[in-house]
Amino acid sequence: MVSIVGFDQSRSIWTLVFLLVSMAITGCEGSEADVHDLIAPLVELEEFETIVAYEDNLLARPSLLHFDRKSGNLFVYDYDQYTLFEINRIGDVLNEFGGEGGGPGELAGARNVFMNENEVYIQDHLRFFIHRYTRNGNFTDSFDYGAQRSFSSDRPPPPPSPPIPPDFYNQPFVTGQGQVILPEFENEEFLYQLQNWESEQLARIGERPDEYIVTIDDNTHRSYITSQTVPPTERHRTFLVDIPSEPGEFFIIYSNENLITRYNRNGEKLWERELPETPELSQVQEDYYLLLEGIQPGRRFPLRRYVHGAVSPENELYLTTYTNMYSPIEEKRPLFVHRFSSDGQILERYKLGSDDENNLAIQIGVDFENRVFYAIVLESGEVRAYPY
């Protein structure tokens, strides 16, 4: 501090910033982790409250979780009961949605949950329906996205299997206005199309990466893995995050392109920003290469870096990282949440406490007003609240 005494305040601030950044980059005072902590501090969250315990006999195998800002309640889908439960902060069930079956509003499975002021939506990925319900659990109608993809929504669902990761990449999405965004499989320019509930096309959105290739042979794929380069078949993997305070706008996260983009419902890209590299993202990608190097040629798994998101009332973006929970690799990674400003600058990194016997699911709910992360413990069926 002595060296900058006597300079004007503005110059002092910039000198201090230069010194701090220089020390981090050159490694004079710390490691690579210190550099990342300087850019975005890491906060470790070890304390939690159990909202639903195994002994409550409420949830068998919860697989999806959503925090509802309007009611302050949690919506948790239970894989074994084929039911979405609305639960308050002390674990009481207020409403139920779905139930097992093939009738109106009944479910063969669920991959995602959406809601707005008046309605709740469940994506049944096994029958290719998006079911719509009132807030008190009454079924209204369904959006048949299987009919648009030459899938039969009336066919019997496949037999039950263990829960799979709720992969949100390139999946149907319901906006806060009740419009549906569907993945494009054949369009060479765009990744998604926006439709209204009557299946009328409104816009095409999400630029398809130039490097994306639908398929490559095993030898070519292996060469990418050996050189630790993201295969072109993985570059289209994206997911959407609605912006509740800006109706008709949403983020598209290009997870393997390290890119955040912001779009409106007219298909206009408002801006894009590169995602910074962090130790946890680098580790997830290294695990991916290690996994594929050790398996038989021809077997492939998706590269998952960021996997889910939520947006605060101030339009800050919260993204969760992949944990290897469903990869055939021994070491599981902690669940990290990264907080970004409304214009895409990384601000903070959170590490949610876990242990070897209790791994957290990749999807979280966020109570922004009370600063709480909600997470599912897969092995025990618990729901935890982590104050941040």
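The values are calculated or read from the model by the stated rules, or taken from the named source; none is laboratory data. Predicted model, so just to flag it, every value in this text is computed and none were measured. Neighbour counts run over all protein chains shown; Cβ positions are idealised from the backbone, glycine included. Accessible surface is based on the protein model in full, side chains and every heavy atom, while ligands, DNA and RNA are left aside. Shrake-Rupley method; radii C 1.70, N 1.55, O 1.52, S 1.80 Å.
Evaluated against (1) open to solvent by 50 Å² or more (accessible area, probe 1.4 Å); (2) assigned to a loop (DSSP other than H, G, I, E, B); (3) at pLDDT 95 or above, residue 247 falls short on exactly one condition, (3). Looking across 114, 129, one residue alone is closer than 18 Å to residue 175 by Cβ, among the aromatic types (Phe, Trp, Tyr) and open to solvent by 20 Å² or more (accessible area, probe 1.4 Å). It is 129. Scanning region 59-96 for residues that are assigned to a loop (DSSP other than H, G, I, E, B) and of a type in the set (Gly, Ala, Ser) yields 60, 71, 72, 91.
In region 282-330, the qualifying residues are those that are closer than 27 Å to residue 217 by Cβ and of a type in the set (Val, Ile, Thr), and the one that is modelled with the lowest pLDDT is 329. Taking the residues in region 316-333 that are open to solvent by 10 Å² or more (accessible area, probe 1.4 Å) and farther than 19 Å from residue 276 by Cβ as candidates, determine which candidate is farthest from the chain's Cα centre (by Cα). Step by step, filter region 316-333, then rank; the result is 330. Of all residue pairs spaced 6 or more apart or on separate chains, those with beta-carbon atoms under 9 Å, a first member in region 275-296 that is aliphatic (A, V, I, L, M) and a second member that is in a helix (DSSP H, G or I) and open to solvent by less than 30 Å² (accessible area, probe 1.4 Å) are 275/255; 275/281; 292/221; 292/225.
All conditions but one from (1) more than 20 Å from residue 176 (Cα to Cα); (2) over 22 Å from the mean Cα position of the chain (by Cα) apply to residue 97; the one that does not is (1). Filtering region 27-60 to residues that are modelled with pLDDT under 90 and open to solvent by less than 90 Å² (accessible area, probe 1.4 Å) leaves 27, 30, 31, 33, 34, 35, 36, 37, 38. Among residues of region 362-388 being open to solvent by 10 Å² or more (accessible area, probe 1.4 Å) and at pLDDT below 90, the one that is farthest from residue 307 (Cα to Cα) is 380. Residue count for region 216-235 satisfying the condition of being in a loop (DSSP other than H, G, I, E, B) and in contact (Cβ under 8 Å) with a residue 12 or more places away in the chain: 5. Looking at this structure, is residue 317 under 25 Å from residue 111 (Cβ atoms) and hydrophobic (A, V, I, L, M, F, W, C)? Here the answer is yes, as residue 317 does meet what is asked.
Set side by side, the residues 286, 280, 293 differ, and just one is more than 25 Å from residue 207 (Cβ to Cβ), open to solvent by less than 20 Å² (accessible area, probe 1.4 Å) and of a type in the set (D, E, K, R), which is 280.
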